[in-house]
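The values are calculated or read from the model by the stated rules, or taken from the named source; none is laboratory data. The structure presented is a predicted model; accordingly, all values stated were derived computationally and were not measured. Cβ atoms come from the backbone with ideal geometry, glycine included; neighbour counts cover every protein chain shown. Surface areas here come from the heavy atoms of the whole protein model, side chains and all, with no ligands, DNA or RNA. Shrake-Rupley method; radii C 1.70, N 1.55, O 1.52, S 1.80 Å.
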Amino acid sequence: MKRGYRLLGWALILSGAPSACGGDIGAAASATSGGGADAMSSSVSSGGDEAGVGPGSGGGTGVGGENGGGGVGPTGECAAVAPGPFEPTLITNVFSGSEDFAFDGQGYLVAKQGPNLVRFDATGQTSNFASLPGNVLGLRYRPNGTLVAARPSQGDVVQISTAGIVSEYVEGLLDPNGLSPDADGNVWATDLAGGRVLRLNPDATVDEIASGAPEVSQPNGIVFDPARRAVFYTNSSAGEIRRIDLAAPDARPALVATVASAMLDGIVLDTCGHLYTIDNKDRELYRVRLDAGGAALGEPELLASFPTGVANAQFGSGPGFNAKTLYVGGAAGSIYAVAVGIVGAPVPAPPEAP
């Protein structure tokens, strides 16, 4: 088993082009729910200033996790993170069977519609992108422009080229679920039934990062945090968020927060280093504020409730999608906008539209 960790630069280009339809989806909600309808922030940082993760995200004593640091107080937009709750706005219900979705950063949201992957733009237009029948859970872009998709029934993760060609990436998994690519081409993944957190390397080899209950039990959503050199994931039925500190590879995963009676699914970071997660049992969105070390600064905050099933959330990216809005969706096929008033942490995005 490999236990090396290669964490290089996080140099990503996020589009800030004007909306294709004269206004961002989610902008109207932002104007009334604690955030402006700002275009995509041009600041991409992993430091601790206004748009960074680290000291700028702190402001109290961590109450969860063994290795939490104490921040020096929030600054810039991180000092004005709106507390919620927020009213979600239905954006579209054209999808079907799409537990996850992905932004390409160039004006498209990609998700499942029956046996196909389709692209949805801010004007409401859809177009077929690739044929991908069967159950698909995690769906994310890698920095080279390819999509990766987790298929639990086949026990594999496939990759989809910019031309829509599907090819094998990693096979032999038990129940692949959440995916989180990094800037180096690795894909951090959860194997839900296998009880494992994995790193899928660019050469298709697999490193087991953590396994074994109770620390890793039905792992579901996952997000890689390059600023803290950590991976956060959810233990679904336990309602837990846990953190793996990659600088200490022999340490057991630390408990960050628990949402009582929840079935936690997807997880995502904002630019201040705070986490957002979905309770797919009660159809709710929560935020957990974190300090610079990744420890919780308080109890999980309920931000929004939804009328239909939801599983994953992503910050808007690209023309027509509001950067200060969380887009939330699930297998029921609906996508909602929740204007949280803060931009997301940098994520890999293709250099050109597929």
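Does any residue in the range 308-334 that is among the basic types (K, R) come within less than 7 Å, Cβ to Cβ, of a residue that is buried (at least 24 other Cβ atoms within 10 Å of the Cβ) six or more places away or on a different chain, and which pairs are these?
Matching pairs, first to second residue: K324/S30; K324/G35; K324/A339; K324/V340; K324/I342; K324/V343.
State which residue pairs qualify: first residue at negative phi and inside the range 177-204, second residue among the polar types (S, T, N, Q) and surrounded by fewer than 19 Cβ atoms within 10 Å (Cβ to Cβ) in any location, beta carbons under 8 Å apart, and separation of 6 or more residues or different chains.
Taking only residues 6 or more apart or on different chains, the pairs are N186/N201; G194/S211; R196/S211; V197/S211.
Residues are listed down the side, and each one gets a yes or a no for (1) farther than 19 Å from V216 by Cα; (2) surrounded by 22 or more Cβ atoms within 10 Å (Cβ to Cβ); (3) within 14 Å of the chain's Cα centre (by Cα):
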site: S237; (1), (2), (3): no, no, no
site: R242; (1), (2), (3): no, yes, no
site: D250; (1), (2), (3): no, no, no
site: D265; (1), (2), (3): no, yes, yes
site: V268; (1), (2), (3): no, yes, yes
site: G273; (1), (2), (3): yes, yes, yes
site: D291; (1), (2), (3): yes, yes, no
site: E301; (1), (2), (3): yes, no, no
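Name the one entry in F315, F321 that is open to solvent by 10 Å² or more (accessible area, probe 1.4 Å) and at pLDDT 95 or above. Lay out the reasoning, then the answer.
Values: F321 fails: open to solvent by 10 Å² or more (accessible area, probe 1.4 Å).
Every option except F315 fails the conditions.
Output the number of residues of the range 217-233 satisfying the condition of being part of a loop (DSSP other than H, G, I, E, B) and either touching a residue at least 60 places away in the same chain (Cβ under 8 Å) or over 22 Å from A149 (Cα atoms) (or both). It would help to see each step written out before you state the result.
Filtering the range 217-233 for residues part of a loop (DSSP other than H, G, I, E, B) gives 217-218, 226-229.
Next, only the ones that are either touching a residue at least 60 places away in the same chain (Cβ under 8 Å) or over 22 Å from A149 (Cα atoms) (or both) stay: 226-229.
Counting residues in the range 217-233 that are part of a loop (DSSP other than H, G, I, E, B) and either touching a residue at least 60 places away in the same chain (Cβ under 8 Å) or over 22 Å from A149 (Cα atoms) (or both) gives 4.
Read through the list (1) at pLDDT below 95; (2) of a type outside the set (F, W, Y); (3) open to solvent by less than 30 Å² (accessible area, probe 1.4 Å), then give the number of the only condition that A331 fails.
A331 satisfies every listed condition except (3).
Could you go through the range 101-121 and let me know if any residue there is open to solvent by 60 Å² or more (accessible area, probe 1.4 Å), at pLDDT 90 or above, out of contact with any Lys or Arg (no Cβ under 6 Å at 6 or more places or on another chain) and among the hydroxyl-bearing types (S, T, Y).
Within the range 101-121 (the criterion being open to solvent by 60 Å² or more (accessible area, probe 1.4 Å), at pLDDT 90 or above, out of contact with any Lys or Arg (no Cβ under 6 Å at 6 or more places or on another chain) and among the hydroxyl-bearing types (S, T, Y)), the answer is no, since none of the residues qualifies.
Quick check, is P181 crowded, with 18+ Cβ neighbours inside 10 Å, closer than 15 Å to G266 by Cβ and in contact with a Phe, Trp or Tyr (Cβ under 8 Å, 6 or more places away or on another chain)? Talk me through it step by step, then tell me what you get.
Numbers: crowded, with 18+ Cβ neighbours inside 10 Å: yes; closer than 15 Å to G266 by Cβ: yes; in contact with a Phe, Trp or Tyr (Cβ under 8 Å, 6 or more places away or on another chain): yes.
The answer is yes for P181.
Mind checking whether some residue in the range 321-334 is part of a strand (DSSP E or B), on the phi < 0 side of the Ramachandran plot and of a type in the set (K, R)? Step through it out loud before you land on a result.
Step one: list which residues in the range 321-334 are part of a strand (DSSP E or B), which gives 321, 325-329.
Among the residues that remain, those that are also on the phi < 0 side of the Ramachandran plot are: 321, 325-329.
Okay, now just the ones that are also of a type in the set (K, R), so none.
Looking for residues that are part of a strand (DSSP E or B), on the phi < 0 side of the Ramachandran plot and of a type in the set (K, R), one finds none in the range 321-334, hence no.
Given the options R243, R252, name the one that is over 23 Å from K324 (Cβ atoms), basic (K, R) and not in a strand (DSSP E or B).
R252
For P346, indicate whether it is touching a residue at least 12 places away in the same chain (Cβ under 8 Å), open to solvent by 10 Å² or more (accessible area, probe 1.4 Å) and assigned to a loop (DSSP other than H, G, I, E, B). Lay out the reasoning, then the answer.
Values: touching a residue at least 12 places away in the same chain (Cβ under 8 Å): yes; open to solvent by 10 Å² or more (accessible area, probe 1.4 Å): yes; assigned to a loop (DSSP other than H, G, I, E, B): yes.
Criteria met by P346.
Mind listing whichever residues of the range 77-94 are within 17 Å of L326 (Cβ to Cβ) and of a type in the set (A, V, I, L, M, F, W, C)? Walk me through how you get there before you give the answer.
Of the residues in the range 77-94, the ones within 17 Å of L326 (Cβ to Cβ) are 77-78, 80-92.
Passing the criteria: C78, A80, V81, A82, F86, L90, I91.
Which of the residues that make up the range 150-163 are assigned to a strand (DSSP E or B) and either open to solvent by 10 Å² or more (accessible area, probe 1.4 Å) or farther than 22 Å from A349 by Cβ (or both)?
Filtering the range 150-163 down to residues assigned to a strand (DSSP E or B) leaves 150-151, 156-160.
Within the range 150-163, R151, D156, Q159 meet the criteria.
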